[in-house]
Amino acid sequence: MKREFNVVIERDTEGYLIASVPALPGCHTQAKSLDALMERIREAIELYLEVQENEVEPLDFIGIQRITVAA
């Protein structure tokens with residue numbers, strides 16, 4: 001069975017790409033290249049689903065917003 005997940009990708013200050021899956025809490029990884037990142041996040045998703053006992057409820061993608069807050 002094939003399933004689709006939304007992946008959020010960001011770049012940290014050291015240049016690493018970081019991927020996270022909002023529908024799967026704690027499912028994230030990092031890599032230097034986009035190709036490596038996509039391979040790693042696919043593996044992370046597969047492992048997450050292997051050990052997840054409950055059914056994962058899909059989320060509808062709405063969009064990304066950036067917000068500034070005083071720190």
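For (1) among the polar types (S, T, N, Q); (2) in contact (Cβ under 8 Å) with a residue 24 or more places away in the chain; (3) touching a Leu at 6+ places or on another chain (Cβ under 8 Å), each residue gets a yes or a no:
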residue: R11; (1), (2), (3): no, no, yes
residue: A31; (1), (2), (3): no, no, yes
residue: L37; (1), (2), (3): no, yes, yes
residue: R42; (1), (2), (3): no, no, no
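Exactly one residue among R42, R11 is of a type in the set (K, R) and in contact with a strand residue (DSSP E or B) (Cβ under 9 Å, 6 or more places away or on another chain), and that residue is R11.
FYI, it's all coordinate maths here, none of it is from the lab. Quantities reported herein were computed from a predicted structural model and do not represent experimental measurements. We place every Cβ from the backbone using ideal geometry, glycine too, and count neighbours over all the protein chains shown.
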